[in-house]
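K.L.:
Dumping the structure here so I can ask a few things about it.
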Amino acid sequence: MEIEARNLLDEALGTLKGGMVVVQDSVQTSASFVLHHLLKRSLSLHSSDVVVFLAFSHPFSHYDRILRKLGCNLAVQRDKNRFFFFDMLMTEIADGDGEKTSGDGLVALYGKIQKVLSALPQELKKSVTIMIDDVSLMEVAAKCSTDHVLDFVHYCRALTSEIGCSLVVLDHEDIYLGTERPTFILQLEYLATVLIKAEPLATGLATDVHGQLTVLNRDVYDGQGIYRKKICNFQFKVKESSIEYFYPGSRT
Amino acid sequence: MAESICRALRDGALEGEHAAALTIKDSIASPFGFDVFAHVFSKLSSYILASKYQSRGLVLVAFSRSPSFYVDLLKRRGVDVASSHNWIQILDCYTDPLGWKDGVGECGSGTKSLNEASQIASFCKNVKDVETFFSMVVELGTGLVGRGKVRFCVAIDSVSEMLRHASISSVAGLLSKLRSHDQVSSIFWLLHSDLHEDRVTAVLEYMSSMVASIEPLNQYANGQRGNWNNLSLLEQNCTRGKFHIRFKRRNGRVRVACEEFCIEQSGIIFTSISSEDEKINQSLLPKLQFNLQLSEKERIDRAKVVLPFEHQGNGKPIQIYDGRRSQEDSVTEAVPISTSKSQTNEETGKGEIIYFRDSEDEMPDSDEDPDDDLDI
């Protein structure tokens with residue numbers, strides 16, 4: 001039996017069924033590798049998960065190249081209807097002509113996601129992951145209307161409790177630093193069941209350690225009423241085809 | 001204390017007065033408002049089921065969780081849900097608050113999972129329309145208890161979500177209309193205070209007879225956003241917190257109480273302030289005669305003082321204090337001040353050290369050998 005070694009990140013995350021994961025990173029420490037990891041995990045041979053990916057920051061070829069290094073062929077998965085890629089790079093959600101507001105664009109996008117979901121067979125619906133690769137760019141696409149983006153996130157979240165899928169969202173923390181009340185990022189934090197923060201090391205740059213991850217796993221009630229709540233903190237090193245996770249101080 | 005807010009909500013409104021109202025507010029540093037909400041909600045549900053008290057029904061406005069979540073919650077807390085349609089109605093503002101699903105066509109899969117909850121839930125498809133929203137809540141309530149003298153409770157699980165869709169004035173109007181409705185016995189809502197301006201929080205607190213605020217055990221030093229560097233602090237705040245309650249009487253008297261809480265598998269557990277802290281508070285504070293803290297002005301003054309050995313770096317010749325009084329100093333002290341001797345630097349007005357002699361018999365600083373009288 002081929003079992004992939006579970007790393008610290010997997011342990012900290014647990015199963016994500018029905019939850020919402022918010023990943024926050026900063027300019028110095030990008031957390032896109034967490035998305036790649038979750039993508040790979042969902043599409044691996046052992047699981048039958050389906051991923052709906054809303055790409056606002058990178059094209060398909062970018063993800064295809066990275067995931068191929070990690071041992072996962074996105075093009076094949078796409079043909080197998082396990083990976084649905086929405087290229088939102090050039091899409092202007094808000095039209096300038098006044099008729100269409102940014103809300104309408106997001107409604108249409110939501111409609112597309114629902115169409116994908118309803119076409120799936122019943123047994124697969126429970127294991128769908130919706131990923132948004134950069135919510136801040138979604139905000140840009142929606143012409144800075146945070147309310148519409150939050151509405152969209154709310155609807156995606158409503159799907160998670162309705163059919164039991166999960167939602168993964170990446171956002172940048174430092175672009176909200178100056179504002180007195182970073183409402184948008186706080187809203188996301190309130191919604192999150194799992195919050196992942198990628199930060200540079202407090203002690204500065206190092207060759208062996210590229211940053212640290214703090215995973216806050218809020219209370220999750222699953223079907224049996226099982227309950228967990230924990231905080232994990234560990235460091236990581238991004239390598240060419242894999243990521244190493246280790247506890248602080250366990251590397252010399 | 002947490003029990004007393006549930007009791008106050010249970011006892012409801014007095015004749016000719018507004019309904020009892022509770023604001024539960026939290027912030028991201030200690031985001032357990034929902035746990036408190038769930039606690040109050042399930043407590044109140046069991047009171048209503050006992051049907052010995054003022055209210056006989058409950059209308060829950062669900063913005064942040066699905067109706068089926070609440071049905072599960074009641075089941076978990078041991079509240080009988082079989083007869084739920086007799087006493088609870090859920091206004092579902094969660095599944096489709098803006099009517100998006102109508103536009104794109106229902107995918108048809110979701111309805112099945114609702115089953116139990118769907119009997120007691122009704123959809124609200126346009127939360128922006130506050131007027132219809134109000135009449136829906138009242139309709140659901142009167143549907144439960146009938147028109148007449150019997151009263152019902154209203155619970156709103158997130159006013160913050162409501163405020164995203166409507167202005168504060170219309171939300172405040174809605175809440176006060178509900179509060180003064182004849183058949184509403186009590187009302188409570190949850191608010192994430194850091195998402196709104198301070199005035200919004202104040203408006204909602206004015207309208208409530210009780211305010212329960214949830215605060216972290218240890219306040220972070222740097223403002224609102226939590227400091228993630230201190231992991232142990234974070235860990236502590238992730239399961240425990242402080243619970244402040246403010247009761248406002250009719251005559252304007254205010255009573256404040258404080259408790260601690262701890263989140264556990266079965267829900268939230270309230271305890272009185274831990275004995276250890278209490279001991280410290282009692283044993284240390286009253287006996288202390290000194291002021292150990294510096295006021296803001298004192299802090300600024302202290303920062304201004306130029307220390308005698310500090311290199312000024314302003315191009316002037318460096319003056320090093322040699323332990324004796326300089327010429328200028330003795331001039332300024334021509335009229336000797338009996339209790340103090342000042343070491344004033346060239347740039348006066350920046351700050352100075354004033355030395356208070358402890359007693360008269362202590363001689364002013366001199367070159368005299370202090371160990372003069374030492375006898376070995």
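K.L.:
On the protein heavy atoms, probe 1.4 angstrom, tell me the percent of accessible surface of the range B:2-284 carried by carbon and sulfur. Mind dumping the intermediate values first?
P.N.:
Details: 5810 of 12030 Å².
The value for the range B:2-284 is 48 percent carbon and sulfur by accessible area.
K.L.:
Considering all alpha-carbon pairs of the range A:19-194, what whole percent are spaced by more than 19 angstrom?
P.N.:
Summing the P(r) of the range A:19-194 above 19 Å gives 56 percent of all pairs.
K.L.:
GNM on chain A, C-alpha springs below 10 Å: top fluctuator among A:Glu189, A:Glu180, A:Glu162?
P.N.:
Most flexible of the set in this elastic network: A:Glu180.
K.L.:
Counting only protein heavy atoms, probe 1.4 Å: which residues of the range A:169-184 lose 40 Å² or more of accessible surface in the full assembly compared with their chain by itself?
P.N.:
Buried by the other chains: A:Arg181.
K.L.:
Continuing with this model, one more query. Using a 1.4 angstrom probe, figure out how much accessible area the range B:119-166 has per residue, in square angstrom, rounded to the nearest whole.
P.N.:
41
K.L.:
How would you order A:16-22, B:90-96, B:256-262 from highest to lowest mean count of nearby Cβ atoms within 10 Å?
P.N.:
The packing order, highest mean first, is B:90-96, A:16-22, B:256-262.
K.L.:
Using mean Cβ contacts within 10 Å as the protection proxy, how do A:230-241, B:141-152 order, highest first?
P.N.:
So the order, starting with the most tightly packed, is B:141-152, A:230-241.
K.L.:
Quantify how strongly other chains surround peptide A:185-192 by giving the mean number of their Cβ atoms within 10 Å of each of its Cβ atoms.
P.N.:
Mean shielding by partner chains, rounded to a whole number: 5.
K.L.:
Report, as an integer, the average count of C-beta atoms from other chains found within 10 Å of each Cβ along A:111-118. Intermediate results must be reported in sequence, preceding the final value.
P.N.:
Working: counts 6, 1, 2, 9, 3, 1, 3, 7.
Counting other chains' Cβ atoms within 10 Å and averaging over A:111-118 gives 4.
K.L.:
Now for a different question. If I build a Gaussian network model for chain A, linking alpha-carbon pairs within less than 10 angstrom, which residue out of A:Thr183, A:Thr146, A:Thr29 has the largest mean-square fluctuation?
P.N.:
A:Thr183
K.L.:
Taking a probe of 1.4 Å and counting only protein heavy atoms, give the total accessible area buried between chains A and B in Å², rounded to the nearest 100.
P.N.:
Chain pair A/B: roughly 4300 Å² of buried accessible area.
K.L.:
Residue by residue through A:18-29, how many Cβ atoms from other chains fall within 10 Å of the Cβ on average?
P.N.:
0
K.L.:
First select every other residue whose beta carbon is under 15 angstrom from the beta carbon of B:Gly78; then total the charges, Lys and Arg +1, Asp and Glu -1.
P.N.:
Neighbourhood net charge equals +2.
K.L.:
For chain A, what does the helix formula give at 222 nm: sum of -39500 (n - 2.57) over DSSP H segments with n ≥ 4, over the residue count, nearest 500 deg cm²/dmol?
P.N.:
On the way: 9 runs with 90 residues, N = 252.
Result for chain A: -10500 deg cm²/dmol, rounded to the nearest 500.
K.L.:
Please turn the phi angles of the range A:111-118 into ³J(HN,Hα) values with the Karplus equation 6.51 cos²θ - 1.76 cosθ + 1.60 (θ = phi - 60°), one per residue in order, whole Hz, x for glycine and proline.
P.N.:
Going residue by residue, I get x, 5, 4, 5, 5, 4, 5, 6 Hz, with x marking Gly and Pro.
K.L.:
I would also like to ask the following. How far is it, in nm, from the label point at A:Thr146 to the one at A:Tyr247 when both lie 7 Å from their Cα along the line to the Cβ?
P.N.:
3.8
The values are calculated or read from the model by the stated rules, or taken from the named source; none is laboratory data. Model, not experiment: these values are computed from the prediction. Every residue, glycine among them, receives a Cβ derived from its backbone with ideal geometry; neighbour counts consider all protein chains shown. Surface accessibility is based on the protein's heavy atoms, side chains included, excluding ligands, DNA and RNA. Shrake-Rupley method; radii C 1.70, N 1.55, O 1.52, S 1.80 Å.
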